[in-house]
Every structure is written in C-alpha cells, then in structure tokens.
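First comes the structure, then the notes that go with it.
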Amino acid sequence: MAYRATLKDVAAAAGVSVTMVSLVLNNRPARVSEEKRKAIADAAKKLNYVPNQSARSLVTKQSQLVALIVPDIENLFFAALAKCVEDECAEGYSLIVANSDDSRAAEHELLQRLPARGVDGVMLIPARESCVGSAVEQLCEDVALVSCPVVLIDRLTQCGWCDAVGFDNYLGGRLAAQYLLEGGHTRIGIVTGDIAESSAAERRRGFVDAIEQSGKHFDSSLCVEGDYRFDSGYRAANQIIDGGATAVFCCNDVMALGFRQRMAERGLHVTEDMQVIGYDNILKRFGLGWRMTTVEQSVTDLAAACWGMLRKRIDVAVRAKSGTESGDARPWLSDPQVEVLTPKLVQAACA
C-alpha cells in the first residue's frame, strides 16, 4: 500500500509547525508570511498530501457528503438533474446518487442507510409508490426520523411537511394546452404520467382546465396514462391518432419521442398531420429533440434551488450540533420551506 503523507510530513518538509500547516491548508486565519504559505503549499503538492476526511469530520462534525435519491437513474430528466446537482455541490461536497427504482421499500432502506453512513444531507425525489395514499404518511415518518436535513424535489413538493423544491406542474399543463389551442386545435390528446402521483395529476389538471375554460370540450377518450418511458408514448399513439386528435401533449419528452416514432411508422408527419408537445426540455442535453416544442423545467435551476436550500439547512444543523445554537436538536424540521419554480414553453423552430 502506498504511503499517505500526513500533516506532520508536510510540516517537516516546509520547516514549520503542524499547527501552522493545518491552519494554512484549511484556509483558517493565521499570522503566516507569504513565504511560509508558499513553502507549505509547495510541500503539500510535492508530497501529494490529501486531507484525511475522517479526521476532519470528527472536528467539523461534517462528512462533506450529501446524497441524492432518484426514482430511476435511467430517466433522462433524473440523470441530468444528478449531474447538475453534482456541479452545484462540487465545491466542498461530494455527491452520492442512489436509485430507489420507484420502490417504497427501497426508498425506506436508503433513508435509513445513507444517514447512518454520515451524509450531511439528503435530496429526495420520492418514489412513485410513496406518493399515493397512506404511503405518503409513511414517507413523512421516515423523513422525520432522518438524522440530517432532507429536501424533497419534484414530487410531493407542495405538501408542506418538509423542505421542498419543484416546478409548477399545473401551470406547465396549462402552457401546453394554451399553445395548442392558439394553434387552432380543438381535439387534443394527452399522454400522462401515473396520475396517482401528484405532479402527473397536476399537469393533467392544468391541461384539462385550460381546454375547458376556453369553451372547448376535453374528450377523455383522448387521455392515455403512460409511465414517462418511450414505450408508453409509442403505445398511446394509436388510440389518440385513431380518436381523431390533431394534436397531443405528452407529459415528458421521452414519451413524445415514442409517440413520434409511431406516427412515423404510420406515415404521419409532425406539424403537417399532428402537433406533438413534450415536457421537460431535457432531450437537447443529449443531442436529441431539436425539433420538438416542449414545456421546460430547467434542471439547472432546479439543482441550484434544491442545493441552495439544503446547504442552508446543513449550516443550521452544524451550528446546532456544535452548540452555538440552542433549541431543537433537529432544527431543520421546523418551519419547512417550499420553493415553486416557473416552467416555460420552448417552441421549436421547425415543429
């Protein structure tokens, strides 16, 4: 095993005390000349010194680790969000990404295991199974027992029992419907997510409300429930096309791709034969969907908002653990904060 340089080694090489090395390398106030600072930095670099995070954690009461639990890492939206969150917290923190497979049981285990490993905070996109009926109460109980701050993302974000960040899904659904109505469409289909889950239900509700409030009739036979995967958009296409729809709103971009694939197989063209709108505006990050009109929920904005909220809660938790703030041992549970971001319609140049 390769030898790992210590603070004592750096101090000996630089000709200074261990205390001085610790202060300089941790950017703490110290009366040290620029010459000695440079000597310490050069010695640390030459010896390839890496701080002992375990030892540092004992002093700071922080692991500098945070966790992001996602329902499905293969989902392009969640994958892109994980990348953006990692970018946000990169300065000072490392990110652990865990996959719940949209399973309540797996999520329950992760909410126990990750804090036990010392993470400073958890960002959680709840599993689909956790968003229905009594499972919401069980999730609430799990979160209340977690020994570090938790921020909900995307799903259950307006429940008010936990810090949360998400987009206004109702408005997103309205934006899609309004765009298609303004284009002269009256028979409009929709491919939803699992409407037992709140964000999917809100997109559908906003969509239907916009149509009916315009004086048009929404034909429920043109509503097909999907699961945010390519195949569900593909399978929904026949029912909506054969139902006489001239436009369709797919509640994520991947289902929209599936719908367009089936259209192409039937010899139909987007815009000329049927308008197709997606949701998320995530495909362009992967070199896809350049000609798709979509409702954007920016993963960059979402990552910045959830990390900003969690970082503030971590700071509060550290002060509570160090005894500089009195009161509740888990102060992040009080006065939950909810931040709702605004989606926007992004119109393709040629779709």
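The values are calculated or read from the model by the stated rules, or taken from the named source; none is laboratory data. Since the structure is predicted, the reported quantities are computational estimates derived from the model, not experimental observations. Glycine gets a Cβ as well: all are built from the backbone with ideal geometry, and neighbour counts include every protein chain shown. Side chains are part of the model used for accessible areas, which takes the heavy atoms of the whole protein and leaves out ligands, DNA and RNA. Shrake-Rupley method; radii C 1.70, N 1.55, O 1.52, S 1.80 Å.
Here are some notes:
- Single unsatisfied condition, TYR93 versus (1) aromatic (Phe, Trp, Tyr); (2) open to solvent by 60 Å² or more (accessible area, probe 1.4 Å); (3) within 13 Å of ALA67 (Cβ to Cβ): (2)
- Search result, residues across region 185-202 that are part of a loop (DSSP other than H, G, I, E, B), at pLDDT below 95 and out of contact with any helix residue (DSSP H, G or I) (no Cβ under 6 Å at 6 or more places or on another chain): THR186, ALA196
- Pairs, first farther than 20 Å from ASP209 by Cα in region 237-250, second open to solvent by 10 Å² or more (accessible area, probe 1.4 Å), C-beta under 6 Å, six or more apart: ALA237/ARG262; GLN239/VAL224; GLY243/SER221; GLY244/ARG187
- Every condition in (1) within 24 Å of VAL340 (Cβ to Cβ); (2) part of a loop (DSSP other than H, G, I, E, B) is met by PHE218 except one, and the failing one is (1).
- Screening ASP231, ASP209, ASP154, ASP194 for residues that are under 25 Å from GLU296 (Cα atoms), in contact with an Asp or Glu (Cβ under 7 Å, 6 or more places away or on another chain) and of a type in the set (Asp, Glu) leaves exactly one candidate, ASP194.
- Residue count for region 203-218, restricted to those that are open to solvent by less than 40 Å² (accessible area, probe 1.4 Å), touching a strand residue (DSSP E or B) at 6+ places or on another chain (Cβ under 9 Å) and without any contact (Cβ under 8 Å) to a residue 40 or more places away in the chain: 3
- Hits in region 24-36 (condition: outside any loop (DSSP other than H, G, I, E, B) and either in contact with a Ser or Thr (Cβ under 9 Å, 6 or more places away or on another chain) or at pLDDT 80 or above (or both)): VAL24, GLU34, GLU35, LYS36
- Single residue of region 129-169 satisfying the filter (small (Gly, Ala, Ser) and either in contact (Cβ under 8 Å) with a residue 12 or more places away in the chain or within 22 Å of ALA320 (Cα to Cα) (or both)) that is surrounded by the fewest Cβ atoms within 10 Å (Cβ to Cβ): GLY160
- Counting residues in region 277-285 that are at pLDDT below 85 and among the polar types (S, T, N, Q) gives zero.
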